[in-house]
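A.B. asks: Sharing a structure here in structure tokens format.
What follows is calculated from the coordinates using simple rules that are stated; it is not laboratory data. Only a predicted model underlies this, so the values are computations on that prediction, with no experimental measurement involved. Cβ placement follows ideal geometry from the backbone for every residue including glycine, while neighbour counts extend to all protein chains displayed.
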């Protein structure tokens with residue numbers, strides 16, 4: 001029906017740009033679409049008017065169709081959101097494994113990778129129940145791994161403190177004089 005481009009968005013990694021798109025359809029069949037880049041504030045909009053006016057009966061029929069399809073639209077929206085959530089979780093988990101994977105125990109890393117593989121398969125098959133189960137499993141695996149990682153860091157820090165105190169006994173307070 002219409003097309004426009006939102007130019008001037010600076011290059012950024014996936015998921016960083018935030019674009020807000022709004023659609024407004026009035027009773028006369030006029031569609032207003034606007035897109036705003038939240039980072040730069042740059043926006044663009046378009047107004048699309050029907051080339052032939054709609055009769056009141058056509059408008060009423062369209063409203064009834066929209067009301068009848070509201071539940072199906074809601075389910076379709078939930079489906080798309082769940083698939084997008086899985087896609088985002090896959091991307092984030094792969095990034096985190098690259099970043100801190102070497103700090104995880106082999107057992108925890110394997111558990112995360114296994115849960116991630118299950119999530120990828122569910123995402124590929126677009127099985128919503130399996131996607132939810134996969135999301136839960138990935139989150140649980142990360143929770144267990146990070147709790148263990150923080151516990152080991154706390155233990156390492158508490159063991160380092162007595163050593164610092166022992167070495168603190170060897171410090172000396174001295175005076176010095178600058179000679180010119």
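A.B. asks: Assuming 0.36 nm per residue, please report the length gained on full extension of the stretch residue 139 to residue 107 beyond their Cα-Cα distance.
C.D. replies: Gain in length upon complete extension: 10.0 nm.
A.B. asks: Hey, with R₀ at 45 Å, roughly what FRET efficiency would residue 125 and residue 152 work out to, going by the Cβ-Cβ distance, to 0.05?
C.D. replies: E between residue 125 and residue 152, to the nearest 0.05, is 0.75.
A.B. asks: Show me the ranking of peptides 106-114, 134-142 by mean Cβ neighbours inside 10 Å, starting with the highest.
C.D. replies: 134-142, 106-114
A.B. asks: Modelled label-to-label distance, residue 43 and residue 75, 7 Å Cα→beta-carbon offset: nm?
C.D. replies: The two pseudo-label positions are separated by 3.6 nm.
A.B. asks: From a point 7 Å beyond the Cα of residue 59 in the direction of its Cβ, which residues of region 8-39 have a backbone N at a distance under 14 Å?
C.D. replies: Within reach of a label on residue 59: 25-31.
A.B. asks: Oh, and also: Report, as a whole number in µm² per second, the diffusion coefficient that Stokes-Einstein gives for region 19-70 at 4 °C and 1.567 mPa s using the Kirkwood radius over alpha carbon pairs.
C.D. replies: My calculation gives 102 µm²/s for D.
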